[in-house]
Every structure is written in structure tokens, then in C-alpha cells.
1. Between residue A:405 and residue A:22, what length in nm is gained on full extension when 0.36 nm per residue of separation is reduced by their alpha carbon distance?
2. FRET efficiency for residue B:92 and residue A:333, Cβ-Cβ distance as r, R0 = 22 Å, nearest 0.05?
3. How far, in degrees from 0 to 90, does helix A:219-239 lean away from the longest principal axis of the Cα atoms of chain A, to the nearest 10?
4. Inverting the mean 1/r over all pairs of different Cα atoms, compute the Kirkwood radius of segment A:22-90 and quote it in Å.
5. Mind checking which lysines have their Cα closer than 29 Å to the Cα of residue A:273? Skip sequence neighbours fewer than 8 apart in that chain.
6. Calculate how steeply helix A:87-109 sits against the longest principal axis of the alpha-carbon atoms of chain A, using the helix alpha-carbon long axis, and give the answer as 0 to 90 degrees to the nearest 10.
7. For the modelled label position 7 Å from the Cα of residue A:304 along Cα-to-Cβ, which residues of segment A:449-476 have backbone nitrogen atoms closer than 14 Å?
8. Rounded to the nearest 5, what is the percent of antiparallel bridges among the DSSP beta bridges in chain A?
Amino acid sequence: MIALFILIVAILNFILGFYVFLNNPKGRINISFGLSSFLIGLWVFLNFIFIKYTSIYVLQAIYTLAPFIIISIAWWVASLQTVKPSKSFVRINALFILFNCFWGVLMFISPQMIEKVNSALDYTTGSFFNVFTVYILILFFIFIIYFSLQYRKSDKIFRDQMRLIFLGIMMTVVIAAVVGFVLPAFGITRFNFLDSPSSIFFIIFSFYSIIKYKFLNVRVIGTEVFATFLVFLSFLGLLRWIDLSDLVLSAAIFGATIIFAGLLIRSVFTEIKRREEVEKLNVKLNKAAVELKARAKHLEKLLQMRSEFLDIASHQLKTPVSVIRGTLSMFQDGSMDKVSKAEQKKFLNNVFQKANKLNVIINDILRASEVDTDEFVIDKNSAKPIQIEDVATCVYNDLIDSAQERKLKLEIIKPAKKLPPILSNADFLEQALSNLVNNAIKYTAQGQVKIILSQDQDNIIIKVEDSGVGIPLADQKKMFDKFARASNAVNMYTDGSGLGLFIAKKIIEAHKGGQISFVSQEGRGTTFTVTMPIIKK
Amino acid sequence: MAKILLIEDDPDQVMLYSIKFKMEGLDLICAYNGREGLEMARREKPQLILSDVVMNNMDGMEMLKQLKADPKIKDIPVVMLTNLNKKELKEKAKELGAKDFWAKTEVMPQEVANRVKKMLKIVK
């Protein structure tokens with residue numbers, strides 16, 4: 001009777017391990033749990049064999065297996081954590097596995113471990129067996145300490161699950177340790193038959209955990225195991241028929257059990273599937289909510305930037321408008337009749353200049369809006385191979401008059417050999433370069449402005465060098481910002497929009513690999529450097 | 001003749017107000033940034049200050065703050081005269097002690113001169 005019970009416990013252990021493993025053969029948790037269950041099942045099965053055949057080799061195998069079971073459960077506990085086991089954990093385990101192997105070998109070769117076996121409940125242990133018992137107890141206590149540490153680190157659901165399974169393991173291991181190790185060390189072996197059946201506690205608590213907390217997400221496994229158990233029991237009933245009517249009844253019960261088990265598994269499958277779908281939808285919903293939140297935040301930031309841009313842009317636009325309106329209002333109310341013709345002309349000239357400035361600002365604001373988006377890129381769809389010499393010549397022709405008006409020397413310096421082409425948009429690149437050269441002219445009182453073209457292995461290099469006022473160190477960081485103006489240049493030139501460098505940078509950086517930077521020294525001049533990648537052949 | 005201090009960084013605006021105020025019999029003295037304006041206020045003791053807001057080297061709001069913290073000049077009325085026509089800015093200027101807040105694009109030089117004269121009579 002006890003042998004049959006042990007066999008059932010062994011089979012249940014195999015079933016439990018096998019199903020947990022099959023549920024997710026790649027999951028670390030499932031693999032380690034499956035292995036533990038399998039080893040416990042093997043241990044129980046060996047006990048069954050031992051009771052049936054009373055062989056010393058089987059008993060040696062049972063004792064050899066015991067410390068490996070503890071190690072496998074420790075691995076399972078480690079796998080419950082999201083992080084992989086530490087190197088020190090792996091090393092300590094490897095050391096214990098080595099010790100286990102040592103004891104295993106000793107178990108089979110030394111008569112000092114198990115001296116002789118008289119029957120399943122009567123065997124004599126040797127002096128080494130006591131040392132082995134101490135080793136097992138040490139291993140057991142180390143496991144308890146490790147388990148407690150992991151338990152404290154875990155979240156609530158894991159704690160509840162682990163508490164139950166820990167209780168099952170504890171009951172199994174404590175009973176097994178007492179009847180299988182401690183008592184035999186004192187010469188009492190008659191309770192040994194109780195050790196392996198004690199793993200029924202491990203099975204019961206594991207099942208309970210599976211059903212109550214969906215442990216390892218395998219509620220369906222619990223149902224399958226339960227159903228298999230019922231089928232197994234009814235099958236045993238079928239085997240023990242006495243007469244034909246008993247056989248018919250048992251067969252009917254067996255058939256009904258199979259149908260019931262099938263329906264039970266199907267209903268749980270359906271529910272699990274539905275729940276999984278709900279969970280999937282929930283995950284999708286959460287993901288969408290997170291995305292929406294991020295987009296709202298991004299939009300809010302864009303709106304704030306837009307609002308700041310509008311504030312500054314409206315100020316820039318209103319500044320010339322207020323002068324134009326103010327001056328014209330004085331012509332209208334007759335105030336200007338009282339000033340000289342020369343002064344009237346000067347005011348009209350101011351109005352004209354302010355109108356021009358307004359025009360520049362409007363154009364620049366429109367261009368800045370065009371280039372100030374993530375979508376603005378100059379790639380093979382919007383660009384074609386162009387010669388930088390051609391672009392530089394266009395800029396030179398446009399601005400030479402303005403340089404000469406200010407008595408400045410404007411020149412292009414380029415290598416004798418034709419430079420390799422770059423992939424760009426001529427209109428945008430001309431605007432960027434024109435902004436740099438125009439600034440150089442406007443902020444240079446005397447001397448020269450040079451456009452220097454050259455190349456290195458991968459890039460075309462364009463330098464715009466002036467001998468102007470330079471940019472004070474404190475202002476250099478903000479010079480590519482919208483409406484930025486160096487403090488030493490505020491009153492020098494008022495026709496600009498304050499967007500020229502911002503636009504130039506956006507255009508250059510819209511090219512893949514395009515870069516712009518500058519070096520400047522106040523009072524000594526500024527050199528802007530643009531690098532654009534050469535088209536690879 | 002009433003002495004008015006205009007703190008304004010745009011020379012064209014300064015020129016416009018200079019002519020209009022002279023025609024209206026007002027003595028206009030000018031500073032081109034907040035720092036310069038504060039020094040001039042301490043030195044010249046004007047009866048009214050008209051100040052722009054956006055300026056380098058101390059903006060109009062900072063100038064107002066420092067002026068109101070100086071016992072010798074804190075009683076000089078200050079009017080912000082700017083192209084920034086934002087509600088929050090107006091409220092902040094009033095909080096700091098500005099007498100009023102006028103938008104340059106809305107109030108023409110003649111109207112500015114009229115309001116100044118009216119204000120000085122009230123002050124007197």
C-alpha cells in the first residue's frame with residue numbers, strides 16, 4: 001500500500017515538473033522548477049524501487065540525489081528574480097555541485113557511508129554518514145538563508161506564492177532530513193519509508209499556489225494535472241475490477257472522467273485565452289496611454305516654443321512698424337511741416353529702411369518656420385549634386401555691391417583644381433552661405449571678408465572669415481538661437497531679423513553630415529566653418 | 001520746462017520723440033539702455049521716465065526694479081513704452097511700480113506727448 005502511494009507521489013512529481021516545463025520550455029523559471037520536480041520525482045521513484053527490491057545501490061543513489069535536489073530548488077528560487085544570478089551565486093553553486101559529486105562517489109565506494117542493508121526499513125550507516133548528514137544540514141541552512149534573502153527582495157504576489165511553496169518544500173525537506181538523515185545517523189532507520197512520500201506536501205502546496213495565484217501563469221497546468229490525476233485514479237479503479245458489472249461501472253466512470261477532464265481543460269483554456277486577450281488589450285491600452293501622454297507633452301513643448309517664437313517675432317515686427325506709424329502720423333498731423341526739408345527727407349528715409357527691415361523679417365520668419373521642423377531634411381529626394389564654387393560665386397555676386405558700399409574687400413579663395421560635388425539644394429545652401437557672408441559684411445567696419453573653399457578626405461570645407469567686431473565670449477553660446485544678437489553688435493546694424501544664423505544652422509544640419517561652427521575673438525573677427533560631405537563614388 | 005527721460009535703444013524712435021516733445025514744449029533727455037537710464041535718473045532727477053522694455057545692458061523691467069529700490073529716485077513716475085504688448089508683462093510692470101504701460105504701435109508720438117502732459121499735471 002505504501003509502495004503504491006510512493007509510486008503515485010513519484011508520478012505526480014514527474015507530471016508536475018513535465019507540465020510546468022512544457023508550458024514554457026524556454027522560461028528560466030519553468031526549466032528550473034521542472035528540473036526540481038523531476039529530481040524529486042526521481043528521488044521518490046528510487047524510494048519506490050528500494051522498498052520493492054531493497055538494493056544497497058538504490059539506497060546509495062537515493063542519498064546521492066538528495067543534495068542535488070536542494071541545489072536545484074535554490075536555482076529555481078534564483079530564477080524567480082528578474083535579474084540573472086550573480087557570478088558569486090554561480091561559483092558557490094558550482095562548488096557545492098563538486099562537493100555533491102564527491103559525496104556521491106564516496107557513497108558508492110566507501111562502506112563507511114552505508115555499511116549494509118538488511119531490509120527497506122533496516123540498514124546500517126557508517127561513520128562518514130554522520131559527516132554527510134552535517135554537510136546536508138549545512139547545505140539546507142545555507143538554502144534557508146538564501147531563500148529568506150530572496151523572499152525579502154520580492155514583491156507581494158511573489159511573496160505569497162513563495163510562502164506557500166516554501167512551506168511545501170520545508171515540510172518535505174524537514175521530514176526527509178529527519179527520517180532520512182538525522183535518525184539513521186543515530187541508527188534509527190525504521191521511519192525511512194516516510195521520507196520520499198513527504199514530497200506530497202511540495203506537490204500539494206505547488207498545486208494550491210498554481211490555482212490560487214496563477215503561479216507561473218499556469219493555472220491551466222493545475223487543471224490539466226488535476227484532470228490527469230482524476231483520470232489516473234479512475235484508471236486504477238478500472239484495473240481493480242472484480243466482476244463484469246464492476247468492470248462496466250468502472251469503465252463508465254473512467255469514460256465519464258475522461259469527458260469531464262476534457263471539458264474542464266477546455267473551459268479553463270477558453271477562460272485563460274479570454275483573459276489573455278483582455279490582458280493584451282490592457283497592455284495595448286496602457287501603451288497607447290503612455291504614447292498619448294508623451295505626445296501631449298511634446299505638443300505642449302511645441303506650443304510653448306511656438307508661443308515664445310510668436311512673442312519675439314511680434315516684437316521684432318512691431319519695432320519697425322511703430323517707427324513707420326509714428327513718423328507717418330507726424331506727417332499727417334502737420335508736425336513734420338515744422339522741420340526742415342533735410343530732416344523730413346531723413347525721416348522718410350528711416351521709414352523706407354524700416355519697411356525694408358520689415359520685409360527682411362517677414363521673409364526670414366517664413367523661412368525660419370519652414371526649416372524649424374524635424375521633417376526638414378535635405379536628402380536625395382530634395383537635393384542634387386552641386387558644385388560649391390557655383391553657390392559661392394552666386395553669393396559673391398549678390399553681396400559684392402553691399403561690401404563695396406562699406407569699403408570692404410570681398411573675395412573667394414578656392415583651390416585651382418575643381419572641388420568634388422556635394423549633395424545639396426542650391427537655393428537653401430545659397431541662403432545659408434548668404435546669411436553668413438551678409439552678417440560678416442554688416443558687422444565688419446573695415447578690412448575684408450573671405451569665402452575660403454577647400455576639401456579634406458571626406459568633406460568640402462567652407463570658411464567665411466571676417467575682420468569684424470567679433471562675438472564676445474559670453475554671447476557665443478546663444479548665437480545660433482532665434483533672434484540672438486551679440487551685445488557688442490546691437491547698435492551696429494539694425495536691418496537684420498536676428499534669424500540669419502539660426503536659419504543657416506538649420507539648413508546646414510538638414511544635410512546628413514552637415515556641420516557648422518565658428519571661432520571668434522571680440523575685436524579681431526569671426527570665422528564660420530561649414531563642412532559638407534563629399535558624394536561618395 | 002518739464003524734464004522727461006526717455007530710455008530707448010532704437011535711435012529712430014529717439015529722434016522721433018525728440019522732435020515731437022520739443023514741439024510740445026517738453027525737455028526730453030535720452031538714455032540708450034537701462035543702466036544708462038538709471039544713472040541719468042539719479043543725476044538729472046526727471047519728472048517722468050518713459051522706458052522701453054527690451055534692451056541690452058539692463059532691460060526696462062530690471063531698471064524699474066532698481067529705480068524703485070533707490071530711495072532718492074523711487075518717487076519718479078515711470079511709464080513703460082514698448083512693443084511687447086503682453087498682459088503678464090503689464091501686470092508685472094504694475095506690480096513693480098510702473099505708473100502705466102503703453103504700446104508703441106498703438107500710441108502715436110502726439111498721443112504720448114498729450115498723455116505725458118496730462119500725467120505731469122496730475123503729478124503736480
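1. In short, 129.2 nm is gained.
2. Working: r = 33 Å, r/R0 = 1.50.
Once rounded, the FRET efficiency stands at 0.10.
3. 20
4. On the way: mean 1/r = 0.0750 Å⁻¹.
Radius from the Kirkwood sum: 13.3 Å.
5. Within the straight-line cut-off, residue A:273 pairs with A:26, A:156, A:212, A:214, A:284, A:287.
6. So the inclination is approximately 20 degrees.
7. None, by backbone N distance to the label point.
8. Working: 29 of 35 bridges.
Antiparallel bridges make up about 85 percent of those DSSP assigns within chain A.
The values are calculated or read from the model by the stated rules, or taken from the named source; none is laboratory data. Worth saying up front: this structure is predicted, and the values here are computed from it rather than measured. As a convention, Cβ positions derive from the backbone with ideal geometry for all residues, glycine included, and neighbour counts pool all protein chains shown. Note: areas computed on protein heavy atoms with side chains; ligands, DNA, RNA excluded. Shrake-Rupley method; radii C 1.70, N 1.55, O 1.52, S 1.80 Å.
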